[in-house]
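Inspection log for the structure reproduced underneath, given as structure tokens.
The values are calculated or read from the model by the stated rules, or taken from the named source; none is laboratory data. Values in this document were obtained by computation on a predicted structure and should not be read as measured data. Here the Cβ is made from the backbone with ideal geometry for all residues, glycine too, and neighbour counts use every protein chain on show. Heavy atoms of the whole protein, side chains included, go into the accessibility calculation; ligands, DNA and RNA do not. Shrake-Rupley method; radii C 1.70, N 1.55, O 1.52, S 1.80 Å.
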Amino acid sequence: MVKTDLRRLTKKRVLIEDVFKKNLKKVEIIGWASKTRGLGKIRFLLLRDISGMIQVTAVRSKVKGDIFEMMDKISSESVVFVKGEIKTLKQAPGGKEVIPDEIVEIAHADELPIDVSDHSKTELPKRLDYRFLDLHRKKIQSIFKIQSEIAHSFREYFYNKNFMEVQLPSIISSSSEGGTELFPVNYFEKKAYLAQSPQLYKQMLACAVENVFTITPVWRAEKHNTIRHLNESRQMDIEMAFAGQMEVMKELELAVQYIVKNVLEKCKVELDLLKIKLKVPKAKYMSYDETVKLLKVKYGEDLTPENEKKLDEKFPDTIVFVHSWPASLKPFYIMPKQGKADAKLSEGFDAIYKGMEISSGGQRIHLPDLLIERLKNKKLNPKNFKSYIDSFRFGAPPHSGWSIGLERLTQLITNQTNIREAVLFPRDRTRLTP
Ligand code: AMO
């Protein structure tokens with residue numbers, strides 16, 4: 001399409017929702033052809049843009065030129081310009097229809113490899129192979145409209161509290177979570193890795209500018225293939241100076257409540273479309289000791305997905321904060337109780353919402369000697385963490401923080417069984433395209 005044509009076709013374009021809201025007589029609209037049907041001497045086309053959908057109707061004896069024949073040729077999902085007159089018609093979806101004077105096919109769609117109708121039966125892996133097309137569906141768009149609101153509300157909440165938004169490196173020189181799940185990168189003559197969390201850097205920032213937040217992608221080379229894990233995900237992190245685990249858990253409670261409240265207010269259409277009943281969650285605080293007793297879990301073991309589901313059954317519509325975990329189950333940077341290297345318990349927590357862990361965090365070790373001891377306890381080499389340890393030698397205050405998985409929270413709020421539904425272009429064990 002040449003530039004001048006595009007300018008002519010878009011100049012007087014109105015959004016479809018305005019056709020219904022305002023009393024327009026003549027309109028120019030552009031959208032994706034959602035469904036075409038023909039009945040004898042009449043042709044229907046449903047045109048969908050980002051704001052809504054409208055029926056275009058052509059009666060053979062009444063339309064100009066070759067409009068009638070053209071409507072037969074328009075394939076599903078082709079992008080079409082329609083200029084025409086608005087008529088009120090009870091039977092039409094929304095009570096109005098367009099009688100076309102001119103139709104231009106702006107972009108042709110080939111035969112569709114997946115079903116993009118409202119009741120699509122195409123399975124998830126195939127849909128993901130054609131994710132760019134899957135995203136033509138309103139239901140799928142709704143998940144990401146909600147995700148956009150989640151990320152925006154997170155950012156707004158902490159920005160309003162005077163936290164500074166920070167951008168941290170994605171290429172790191174050593175593990176930040178202690179595990180071995182790192183993707184290696186060739187970095188000139190050195191070995192480097194993709195960041196598995198912004199952990200170490202957000203701590204350095206908290207020691208300089210007190211309160212920070214970030215939304216950042218992270219990469220974990222975990223080989224498992226589950227409905228709750230991705231190899232590339234996004235984390236919403238905070239770090240606060242002069243705060244302990246209780247203070248940052250309270251911030252997490254308030255932030256998630258703020259996020260859900262905003263989703264409820266601003267994504268009504270999307271929630272309805274996805275048939276989601278959502279409530280602003282309450283909060284429940286329990287120690288690890290209390291939790292394992294309640295769930296009859298063996299002391300010293302992690303909570304399984306089944307345990308997390310049970311917490312949701314016992315405390316529905318509640319964020320359950322399980323705090324003061326055994327130090328053995330938490331990463332090396334989590335502060336042991338009373339700052340004692342050999343303490344059994346720690347200042348670390350997990351937050352469980354709708355039957356899944358949405359966040360973990362806690363107070364950090366800001367004391368270099370204690371950090372070295374904890375690294376050794378975890379069989380990690382302090383030499384690999386030199387610059388991190390050294391960053392606490394020059395006036396490092398006590399500090400705490402946490403991280404929420406953006407896709408995990410989206411998955412739970414939008415009620416999706418599989419986390420892949422909550423990421424635009426998933427990266428998992430086997431998927432690298434699109
Ligand atoms: P953690 O490893 O628990 O903590 O991650 C924080 C949150 O991120 C989400 N998440 C994931 N989502 C999808 N796929 C994955 N593979 C995946 N792994 C984690 C979860 C999880 O609760 N640095 C610490 C946080 C901190 O202490 O500040 C960390 O990364 O929702």
note = Placing each pseudo-label 7 Å from Cα in the direction of the beta carbon, residue 224 and residue 14 end up separated by a distance in nanometres of 5.5
ask   = Classify the range 6-107: rounded, prolate or oblate, from the alpha-carbon gyration tensor (a ≥ b ≥ c, eigenvalue square roots; a/c under 1.5 rounded; otherwise prolate if a/b is larger than b/c)?
value = rounded
note = With +1 on the Cβ of every Lys and Arg and -1 on the Cβ of every Asp and Glu, the dipole magnitude of the range 6-107 about its Cα centre, in debye rounded to the nearest 20, is 340
ask   = Who wins for biggest fluctuation among 94, 348, 244 in a Gaussian network model of the chain, springs between alpha carbons below 10 Å?
value = 94
ask   = Can you list the trypsin sites (Lys or Arg not before Pro) in the range 66-109 that are in a DSSP coil and have 13 or fewer other beta carbons within 10 angstrom?
value = 90
Positive-end residue, the range 237-329 charge dipole about Cα centroid, Cβ charges, pick of 287, 322, 311 = 311
query = For the chain, which longest stretch is free of loop sites, where a loop site is one of the chymotrypsin sites (Phe, Trp or Tyr not before Pro) that DSSP puts outside H, G, I, E and B and that has at most 14 other Cβ atoms within 10 Å?
reply = 1-187
note = Treating only Lys and Arg (+1) and Asp and Glu (-1) as charged, each at its beta carbon, one finds that the chain has a dipole about its Cα centre, in Debye to the nearest 20, of 960
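Among 142, 117, what's the order by accessible area (1.4 angstrom probe), most exposed first? Please report the intermediate quantities before stating the final value.
Numbers: 142 5, 117 55 Å².
Reading off the accessible areas and sorting them downward yields 117, 142.
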query = Given the rule -39500 (n - 2.57) for each run of at least 4 DSSP H residues, summed and divided by the residues of the chain, what is its mean residue ellipticity at 222 nm, to the nearest 500 deg cm²/dmol?
reply = -9000 deg cm²/dmol
message = Between 363, 55, 147, where does the largest GNM mean-square fluctuation fall for the chain, given springs only between Cα atoms within less than 10 Å?
response = 55
ask   = What percentage of the solvent-accessible surface of the chain, computed with a 1.4 Å probe over protein heavy atoms, is contributed by carbon and sulfur atoms?
value = 53
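Calculate how many DSSP beta bridges within the chain are antiparallel, expressed in % of all such bridges and rounded to the nearest 5.
On the way: 72 of 83 bridges.
Bridges in the chain that DSSP calls antiparallel: roughly 85 percent.
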remark   = Computed over the chain, protein heavy atoms only, probe 1.4 angstrom, the accessible area per residue in square angstrom equals 51
Net dipole in debye of the range 236-350 [+1 Lys, Arg Cβ; -1 Asp, Glu Cβ; about Cα centre; nearest 20] = 380
remark   = Ignoring GluC sites (Glu not before Pro) buried by more than 14 other Cβ within 10 Å or outside DSSP loops, the longest site-free run in the chain is 302-434
request  = Could you work out how far the C-alpha centroid of the range 293-360 sits from that of the range 235-263, in angstrom?
outcome  = 17
task = Sum up the charges of everything whose Cβ sits under 12 Å from the Cβ of residue 208, counting Lys and Arg as +1 and Asp and Glu as -1, but leave residue 208 out.
result = -1
